[in-house]
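J.: Below is the structure I would like to discuss, written out as structure tokens.
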Amino acid sequence: APGERELVLGGWNATGCVVPGVSLVGLFEERVGCVPDAVAVVFGSVVLSYGEFGVRVRRLARLLMGLGVGPESLVGVAVGRSVELVVGIYAVLEAGGGYVPVDVDQPVERVEYVLGVAAPVLVLSTSVDRVGLPGSVVVVELDVVDVSGFSGEPISDGERLGVLRGENPAYVMFTSGSTGRPKGVVVSHAGIVNRLLWMQGEYGLGSDDVVLLKTPVTFDVSVWELFWPLLVGARLVVAEPGGHRDPAYLVDVIVGNGVTTAHFVPSMLAVFTAEPAVARCVSVRRVFASGEALSASVASRMRGLVPGVRVHNLYGPTEASVDVTFHEVTDADVVGVPIGVPVWNTQVFVLDGWLRPVPVGVVGELYVGGVQLARGYRGRVDLTADRFVANPFGCGSRLYRTGDRVRWLSGGELEYVGRVDFQVKLRGQRVELGEIEAVLLRYGGVAQAVVVLRGGSGGEFVVGYVVPECGVVVEGLAVVEWVAGVLPGYMVPSVVVVLDELPVTVNGKLDRKALPEP
């Protein structure tokens, strides 16, 4: 209907907001000048004020500039989670470059591929971390290099190799590709600044706030953990390497540092909330979840464990500056948790296969437009053209095709249904695996659920995997029988496997390939 079309294309996408044309560097320097004596970064016993941190960043940046780093150039960062990591990333940006996080624990072949595509001017590392790097790259060892001879004063655009502009890359994040080769997503300063200033406008971090950096820097959630606190005068607490996988350690670091703001991938939030000591985390005010579908039971458990904590469900692809929609969990979210409404200067469209908007309540593919769209994939013009398409609703602009299936809810929020690739044909019927997962989560005592298709050449069958809530016994056969009373026969899992925990990747996301055979 015409009225509904206007609503889904215009009314629910009225997100215009004036954002100053600044870079991450400008925002950070402004804060250093305002609160030089406030604590900026904490890592174990190491504490740096804004002034001290700023001096370290600028000195290293001047070294990098002398080595040819400036706007449009890239620098690899292969450093374990530490103060050096944070200083290194900020210094790359201060010099005008974009940073490329590199995980040296990954196979050598993958590291070589990432560096080959990114073609960085050099790689920041340490004498320990550089072991996993190919010998062909120029490496600056942060634990060895002496930058004391460089000035720690603010750097002007005149000093840089070029003027730093909003369209210049802030970072290149490599994500897994369907071809098996990682894709380097190039995100600009303008895109990530919009994302961070929206976050500050929406959630109002204050100088008394403490943000935990625990996400691996190869995962884009780390971007807001790294930059949001230091753009507003708050404190950044850096978790130990590997600490993001240890609930007991996380409780200790949260309690010991008075952390107020933290992010969890839903899989890890389920593990974290099973830790009884989480009730000690009374300083926590905001918990953000993204990267996977957030179950209502896990969100509810977090809200029940820490009085007053607010749980926020965020959604977004790396190709659109981390997050593009948001929703605060409420008591009304009992069956599922919506992914919410679009952030500033961002449009979200639910379209059919012919790029036409679908009615409210009908499932379609999510397309994203606006200032947060990435420039594209580094060195992959073909892939960029395939995923970033012309916007049929806006002259000269682009949309990113997410591959996610969603629907509009009547109140103007989006509900996540599943991946386009997780929609399968089974015995001639179209089956949405995410729909089966949602039903499994409604079974009493189930904390997490995953559904996959097993078998092949006509003999495919659905397998469910569930993780019970702490202290609850769940029988797989009983779950199958219960689901048979809720879903059509062709959608009922042939078997439900009960696991102690779901396998996760290094980023804390569900690792479907590691699920055991039934």
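The values are calculated or read from the model by the stated rules, or taken from the named source; none is laboratory data. Note that the structure is predicted; figures quoted are calculated from it, not measured. Neighbour counts are summed over all protein chains in view; Cβ atoms, including those assigned to glycine, are modelled from backbone coordinates with ideal geometry.
Per-residue answers, yes or no, for (1) out of contact with any strand residue (DSSP E or B) (no Cβ under 8 Å at 6 or more places or on another chain); (2) buried (at least 23 other Cβ atoms within 10 Å of the Cβ); (3) of a type outside the set (S, T, N, Q):
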| position | (1), (2), (3) |
| --- | --- |
| 161 | yes, no, yes |
| 166 | no, no, yes |
| 174 | no, yes, yes |
| 212 | no, yes, yes |
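J.: Here is a follow-up. Could you check, for the stretch 253-265, whether at least one of its residues is surrounded by fewer than 17 Cβ atoms within 10 Å (Cβ to Cβ), modelled with pLDDT of 95 or more and hydroxyl-bearing (Ser, Thr, Tyr)?
T.: no
J.: Can you tell me how many residues in the stretch 493-515 are without any contact (Cβ under 8 Å) to a residue 24 or more places away in the chain and not in a loop (DSSP other than H, G, I, E, B)?
T.: Qualifying residue count for the region: 2.
J.: Here's another thing I want to ask about it. Could you give me the residue pairs with C-beta distances under 8 Å whose first residue belongs to the stretch 5-29 and is under 26 Å from residue 392 (Cβ atoms), whose second residue is of a type in the set (Gly, Ala, Ser) and assigned to a loop (DSSP other than H, G, I, E, B) wherever it lies, and which are 6+ apart or on separate chains?
T.: 7/412; 11/412; 12/412
J.: Still on this structure: Which of (1) of a type in the set (A, V, I, L, M, F, W, C); (2) closer than 22 Å to residue 172 by Cβ; (3) under 22 Å from the mean Cα position of the chain (by Cα) does residue 63 not meet, given it meets every other one?
T.: (3)
J.: Let me ask something else. Scan the stretch 295-325 for residues that are of a type in the set (Gly, Ala, Ser), buried (at least 21 other Cβ atoms within 10 Å of the Cβ) and assigned to a loop (DSSP other than H, G, I, E, B) and report the count.
T.: 3
J.: In addition: Scan 359, 338 and give me the residue that is touching a His at 6+ places or on another chain (Cβ under 9 Å), on the phi < 0 side of the Ramachandran plot and at pLDDT 95 or above.
T.: Going through 359, 338 in turn, just one is touching a His at 6+ places or on another chain (Cβ under 9 Å), on the phi < 0 side of the Ramachandran plot and at pLDDT 95 or above: 338.
Yes or no, residue by residue, for (1) modelled with pLDDT under 90; (2) of a type in the set (Ser, Thr, Tyr); (3) assigned to a strand (DSSP E or B):
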residue	(1), (2), (3)
462	no, no, yes
472	no, no, no
490	yes, yes, no
517	no, no, no
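J.: Which numbered condition trips up residue 58, out of (1) among the charged types (D, E, K, R); (2) part of a helix (DSSP H, G or I); (3) surrounded by fewer than 22 Cβ atoms within 10 Å (Cβ to Cβ)?
T.: With respect to (1) among the charged types (D, E, K, R); (2) part of a helix (DSSP H, G or I); (3) surrounded by fewer than 22 Cβ atoms within 10 Å (Cβ to Cβ), residue 58 is out only on (3).
J.: Right, something else. Inspect all residues belonging to the stretch 264-274 and state whether any of them is over 15 Å from residue 508 (Cβ atoms) and of a type in the set (A, V, I, L, M, F, W, C).
T.: No, because not a single residue in the stretch 264-274 is over 15 Å from residue 508 (Cβ atoms) and of a type in the set (A, V, I, L, M, F, W, C).
J.: Looking at the stretch 36-55 only, could you name the residues that are assigned to a strand (DSSP E or B) and in contact (Cβ under 8 Å) with a residue 24 or more places away in the chain?
T.: Listed by number, the residues that qualify are 39, 40, 41, 42, 43, 46, 48.
J.: In this structure, is residue 18 of a type in the set (Val, Ile, Thr) and in contact with a His (Cβ under 9 Å, 6 or more places away or on another chain)?
T.: no
J.: On to the next question. Return the residue satisfying two criteria in turn: it lies in the stretch 105-143 and is more than 16 Å from residue 92 (Cα to Cα), part of a loop (DSSP other than H, G, I, E, B) and small (Gly, Ala, Ser), and of such residues it is modelled with the highest pLDDT.
T.: 127
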